[in-house]
Amino acid sequence: MIIDTVTNAAKYTGLHPLFAKAFDYIKQNDIANLPDGVSEIAEGLKLIVNTANGKTAEASLAKFECHDKNIDIQVCVKGLETIAWKPREKCVAQNGDYNPEKDVRFFSDAPDMSFQLTDDQFAIFYPEDVHAPMIGDGEIKKLVFKVKI
């Protein structure tokens with residue numbers, strides 16, 4: 001997992017060929033005014049824009065998730081978002097079967113830690129990062145880039 005600000009995004013473009021395209025998209029667009037929805041940015045790079053009220057920790061942890069075939073770049077555009085996290089290697093309580101169509105698997109384990117993102121901060125979640133986002137009060141607008149591995 002990586003946590004940083006959008007102003008430092010260039011430090012991470014060498015980690016995956018599509019990271020540069022994701023961070024360029026942020027620079028080239030007025031992300032505060034993007035409409036909610038899903039769009040294909042490039043082959044292997046999908047963007048989900050979501051604006052919603054934050055959830056309770058309990059509600060978010062009901063879908064404590066990770067992915068096998070995608071890396072998430074989650075950018076907080078507006079609001080204060082708390083995200084729970086635990087390394088997959090420490091998770092033992094799988095919650096249901098892996099869904100290959102949605103590339104998601106869930107766990108019922110308790111998180112090891114939580115952290116907060118606010119405007120123009122991001123987290124990168126690799127397949128080994130189990131995470132529960134959107135914890136908070138009030139409206140949160142975020143971008144989630146799905147980067148195909």
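No value in this document is a laboratory result; all are computed from the given coordinates. Fair warning: this is a prediction, and the values are worked out from it, not measured in the lab. Here the Cβ is made from the backbone with ideal geometry for all residues, glycine too, and neighbour counts use every protein chain on show.
Annotations for the structure displayed:
- Neighbour cut-off at most 16 other Cβ (10 Å), DSSP loop, trypsin sites (Lys or Arg not before Pro), region 44-104: K63, K69, K102
- Whole-Hz couplings from phi, Karplus 6.51/-1.76/1.60, listed for region 122-127; x for Gly and Pro: 9, 10, 10, 10, 8, x
- Within region 29-108: Cβ-based charge dipole about Cα centre, in debye rounded to nearest 20 (Lys, Arg +1; Asp, Glu -1): 300
- Cα gyration tensor shape of region 30-103, rounded if a/c is under 1.5, else prolate or oblate by comparing a/b with b/c: oblate
- Under 24 Å from the Cα of K27 - lysines, other chains or at least 8 residues apart: K11, K46, K78, K141, K142, K146, K148
- Only Lys, Arg (+1) and Asp, Glu (-1) charged, at Cβ; the chain dipole about Cα centre in debye: 180
- Span from the region 1-59 Cα centroid across to the region 61-102 one, whole angstrom: 15
- Point-charge dipole on Cβ atoms (K/R +1, D/E -1) for region 73-122, about Cα centre, debye to 20: 100
- Electrostatic bookkeeping for F19 treats Lys and Arg as +1 and Asp and Glu as -1; over the other residues with beta carbon under 13 Å from its beta carbon, the sum is +2.
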